[in-house]
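Only one structure is covered here, and it is reproduced in the block below.
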Amino acid sequence: MIYDVIVAGGGPAGSMAAKCCAKAGLNTLLVEEHAAVGTPVQCAGLLSTNAFFECEVSDRSVIQTVSGARVVSGLSCEFSFDAGEIKAYVVDRSAFDREMLEAAANAGAEIMLKTSVNGAIADNSGCTVSTTGVSGKQNFRSKMIVAADGPRSNFSRFFGMKRAPVFLSGIQADVPYESDGRLIELHPYASTGFFGWVIPAGKGRARVGLCAEKDTNELFTQFIKQFGPTNVHQVTGTIPIGIMPRTYGNRTLFCGDAAGFAKPTSGGGVYTGVRSARHAADTIAGCIESGDFGDRALSRYESLWKADFGRELAFGVKLFKMRKGLTPEIIDDLCRVMNEKGMAEDIIRYGDMDRPGKIVKKMALNPSIYRVAGKVIGSELRSLFFRD
């Protein structure tokens, strides 16, 4: 059998790509290396309302709803806001991913679990994907491939394509912790260049974690001490920062973390992953209908995702680089500025977890913020307006 499309990866991006392709009438196969999707957990499980609804799932996986945030500078200042309405969902990622995969199967996609991909080639006649699974070694043929196999995507190696320029390593643990369940906590001091987090995960429980480019274990060990000695469950993960130079080629489209679509401001990748999956399915349907699988036809995919969220990701990379210049003292001063009248209201009104450009630019134009941060990152702040 020759499939129209083979999707590698059963996370949200892969499941959405398979679902959309199957709904478009394409003969679709999804392969996932693990025996069950959503495990091992490699995500904080915090989704914006936009991301949650974009995934077209029920509320069965929802553990907690969040309406605001508390920022702790680490020195002497705190800042918080509460929108008074749901801004994000905390989910059980195993249940969440399973529901998305089931939706792909219900749409008509064939699913193969516990099947790892160990090779792929593409030529003028199509694609061959080599796998190892419960039925042994098998080769599958398809017209196109969706690579949604995570930040360390094997397909970039198979086809000699460059990956995201920066990778963060993350550690998260579930701990007993009483907090205001409406608010997530952000701790910039916990990680040089990024931040730590505390996400409410039901009564008396929280997910505590951080990401960093280096010394992640040491930073996490120090950070989690304040939350007591008990560690219920610990997971690790990788977050790509920066998009791979080209997200298509060799009859293959790269989606989600495999393409480097994680948001540099937060590390979240579900929204951009699912959006990219929709664009991939649309492009694939067009290629199969026309019979054109050349790079020019595939490049439509890159045009679609760039028009959708490419500008925000590029903006996020600038913010990620700027963050490295902020010392704990500057972060503390910025926290004090954030407590000025009107700041919280602006965040509530203009803030968007998935598209933060609008609120960041608005805040950066505030003279008080520029006075504090401009001492170190003044030229970078100006670049947000004149070269973005």
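The values are calculated or read from the model by the stated rules, or taken from the named source; none is laboratory data. Remember, predicted model here, so these are calculated numbers, not experimental data. Don't worry about glycine lacking a Cβ; one is built from the backbone with ideal geometry, like all the others, and counts go over all protein chains shown. Note: accessible area is taken over every heavy atom of the protein model, side chains too, but ligands, DNA and RNA are not part of it. Shrake-Rupley method; radii C 1.70, N 1.55, O 1.52, S 1.80 Å.
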Quiz item: Along the Cα-to-Cβ line of Thr236, 7 Å from the Cα, sits a label point; which residues in segment 168-185 have backbone N less than 14 Å from it?
Solution: 168-173
Self-check item: Over 14 Å [Cα-Cα, segment 117-202], rounded percent
Solution: 76 percent
Quiz prompt | Solvent exposure ordering (accessible area, 1.4 Å, most first) of Trp197, Trp305 | solution = Trp197, Trp305
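By the scheme Lys and Arg +1, Asp and Glu -1, what is the net charge of all other residues having a beta-carbon under 15 Å from that of Pro200?
Working: positive: Arg70, Lys87, Arg182, Lys203, Arg205, Arg207; negative: Asp82, Asp92, Asp174, Glu178, Asp180, Glu185.
After counting each charged neighbour, the total is 0.
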Quiz prompt | Heavy atoms of Asp97 accessible to a 1.4 Å probe, total area in Å² rounded to 10 | solution = 10 Å²
Quiz item: Give me the Kirkwood hydrodynamic radius of the chain in Å, from all C-alpha pairs, to one decimal place?
Solution: 21.6 Å
Quiz item: Between the helical axis of 311-323 and the dominant principal axis of the chain, each derived from Cα atoms, what acute angle in degrees is found, rounded to the nearest 10?
Solution: 40 degrees
Quiz prompt | Isolated Cys residues of the chain, judged by Cβ distance under 4.7 Å to other cysteines | solution = Cys20, Cys21, Cys43, Cys55, Cys127, Cys211, Cys255, Cys287
Self-check item: Exposure rule at most 16 other beta-carbon atoms within 10 Å, DSSP loop trypsin sites (Lys or Arg not before Pro): the chain longest free segment
Solution: 247-323
Quiz item: At q = 0.08, 0.10, 0.12 Å⁻¹, what is the log10 ratio I(q)/I(0) for segment 186-337, with the Debye formula run over Cα points and no solvent?
Solution: -0.32, -0.48, -0.65
Quiz prompt | Surface per residue (accessible, 1.4 Å probe) for the chain, Å² | solution = 44 Å²
Self-check item: Acute angle (nearest 10 degrees) that the helix 328-338 long axis makes with the longest principal axis of the chain, alpha-carbon atoms
Solution: 80 degrees
Quiz item: Excluding ligands and nucleic acids, what accessible area in Å² is computed for Val175 using a 1.4 Å probe, to the nearest 10?
Solution: 0 Å²
Practice problem: State the answer as a single residue: which of Cys211, Tyr248, Gln234 lies farthest towards the positive end of the charge dipole of segment 185-278, with beta carbon charges of +1 for Lys and Arg and -1 for Asp and Glu, about the Cα centre. | Solution: Tyr248
Quiz item: Expressed as a whole number of Å, what is the distance separating the alpha-carbon centroids of segment 185-233 and segment 156-178?
Solution: 16 Å
Quiz item: In a Debye calculation with equal point scatterers on the alpha-carbon sites of segment 1-89 and no solvent, what is log10 I(q)/I(0) at q = 0.17 Å⁻¹?
Solution: -0.87
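Do any of Lys203/Lys324; Lys225/Lys263; Lys263/Lys324 go past 24 Å between their Cα atoms, and which? Show your work: numbers first, answer last.
On the way: Lys203/Lys324 35 Å; Lys225/Lys263 28 Å; Lys263/Lys324 16 Å.
Check vs 24 Å cut-off fails for Lys203/Lys324; Lys225/Lys263.
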Practice problem: Using the structure shown, list the pairs from Lys214/Lys318; Lys306/Lys361; Lys114/Lys143; Lys87/Lys214 with a Cα-Cα distance above 25 Å, or answer none. | Solution: Lys87/Lys214
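Tell me the GluC sites (Glu not before Pro) within segment 319-349 that lie in a loop according to DSSP and have at most 16 other beta-carbon atoms within 10 Å.
Values: sites: Glu329, Glu340, Glu345; in loops: Glu340.
Loop-located and lightly packed - Glu340.
In debye to the nearest 20, how big a dipole does segment 75-167 give about its Cα centre with +1 on each Lys and Arg Cβ and -1 on each Asp and Glu Cβ?
For this selection, approximately 700 debye.
Using heavy-atom solvent-accessible surface (probe 1.4 Å) with all chains present, what is the largest-first order of Tyr177, Tyr271? Please list the in-between numbers first.
Working: Tyr177 55, Tyr271 25 Å².
Descending accessible area places them as Tyr177, Tyr271.
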Quiz item: Based on Cα positions only, what radius of gyration and what Dmax would you give for segment 225-302, in angstroms?
Solution: 17.4, 60
Quiz item: Counting DSSP beta bridges in the chain, what percent are antiparallel, to the nearest 5?
Solution: 75 percent
Exercise. Rounded to the nearest Å, what's the spacing between the alpha carbon centres of segment 115-131 and segment 14-66? Just the number, please.
Key: 24 Å
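How much of the accessible area of segment 115-181, in percent, comes from carbon and sulfur atoms when a 1.4 Å probe is used?
So the carbon and sulfur contribution to the accessible surface is 48 percent.
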Quiz item: What number, rounded to the nearest 500 deg cm²/dmol, is the helix-based mean residue ellipticity at 222 nm of the chain, given -39500 (n - 2.57) per DSSP H run of at least four residues and division by all its residues?
Solution: -11000 deg cm²/dmol
